[in-house]
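A.B. asks: The structure under discussion is supplied below as structure tokens; questions concerning it will follow.
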Amino acid sequence: MHCWKTINIKREYGSTWLTIMSALLFVLVFAFSFVLLEDIPPMTYEDNYLWLFVFLFLLIYPLHKVLHYVTLFKYRDSVKLRFKIDYKFVPIIRMRIKSIIPKKRYLFTLLAPFFIINGFLIFMAIAFEEYAHFYCLLFAYHCSICFIDLLYVKNLLKAPKDSLIEETPKGCEVLVPEI
């Protein structure tokens, strides 16, 4: 095996750019999803369950990480979790896989929370139209959480089909078998 490419999104783009783009994505996704859902049926919005919105807002990030972990169940013994505080108040859960995994499994792991949580939020926004504004906010928030995952997916799609992924302190190394 030899390293085809090392991918480190934070080093490549910088945390300031990632934060700004994530915030911009939040605003754009909220604006478009809210406008789209507003046009479907005529509705009035309610805020009776603001406490539930706050609870779901706090729950989405840990749930996102749990879905990453669940999709790596076969590799659970080699997954290392670490908790960190960024910007002096933002709790971050870092996951690192200590074994080499196939590219397809890694892509599935990156995309699973995006499709599962966002699918649920879109369904709930349509099913409970009086709370669509809350679900659109949660949808936009989760899309901004998924931004880094989607950047990794974009970079990994260019990798050879039979490649393997190894996470190292330098970043994600794409390994290909020697010919």
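A.B. asks: Would you pull out the residues with amide H under 5 Å of Ile7's amide H, same chain only if 5 or more places away, H placed 1.01 Å from N?
C.D. replies: Amide H neighbours of Ile7, under 5 Å, 5+ apart: Cys172, Glu173, Val174.
A.B. asks: Residues with amide H under 5 Å of Val79's amide H, sequence separation 5 or more or different chain, H placed in the peptide plane at 1.01 Å from N; which?
C.D. replies: Lys98
A.B. asks: Taking 8 Å as the Cα distance limit and 6 or more residues as the minimum spacing, I'd like the relative contact order of the chain as a percentage. Could you put the intermediate results ahead of the total?
C.D. replies: Values: 213 pairs, mean separation 68.7, N = 179.
Averaging sequence separation for qualifying contacts and normalising by length gives 38 percent for the chain.
A.B. asks: Angle, helix 15-39 long axis vs. longest principal axis of the chain, Cα atoms, 0 to 90°, nearest 10?
C.D. replies: Helix 15-39 and the main axis of the chain meet at about 40 degrees.
A.B. asks: Collect residues whose amide H, placed 1.01 Å from N in the peptide plane, falls under 5 Å from the amide H of Ser163; neighbours closer than 5 in sequence don't count.
C.D. replies: Here the answer is Lys103, since their amide H atoms fall under 5 Å of that of Ser163.
A.B. asks: Between Met95 and Arg76, what length in nm is gained on full extension when 0.36 nm per residue of separation is reduced by their alpha carbon distance?
C.D. replies: So the extension gain works out to 5.8 nm.
A.B. asks: Quote the FRET efficiency, to the nearest 0.05, computed for Lys161 versus Lys88 with a Förster distance R0 of 45 Å and r equal to the Cβ-Cβ distance.
C.D. replies: E between Lys161 and Lys88, to the nearest 0.05, is 0.55.
A.B. asks: Calculated from DSSP H runs of 4 or more alone, at -39500 (n - 2.57) each and per residue, what is the 222 nm mean residue ellipticity of the chain, nearest 500?
C.D. replies: It comes out at -19500 deg cm²/dmol, rounded to the nearest 500.
A.B. asks: Please list, in order along the range 160-170, the HN-Hα scalar couplings obtained from phi with the Karplus expression 6.51 cos²θ - 1.76 cosθ + 1.60 (θ = phi - 60°), rounded to whole Hz, x for Gly and Pro.
C.D. replies: Taking θ as phi minus 60°, the curve returns x, 4, 8, 6, 10, 10, 10, 8, 10, x, 6 Hz for the range 160-170.
A.B. asks: Another question, then. On a 0 to 90 degree scale, rounded to 10, what angle separates helix 103-127 from the longest Cα axis of the chain?
C.D. replies: In the chain, helix 103-127 runs at an angle near 0 degrees to the longest axis.
A.B. asks: If I stretch the segment between Met21 and Asp47 completely, what's the gain in nm (0.36 nm per residue apart, minus their alpha carbon distance), one decimal?
C.D. replies: Gain in length upon complete extension: 6.5 nm.
Quick note: the coordinates plus some simple rules give every number you see, no bench work behind them. Computed from a predicted structure; not experimentally measured. Neighbour counts run over all protein chains shown; Cβ positions are idealised from the backbone, glycine included.
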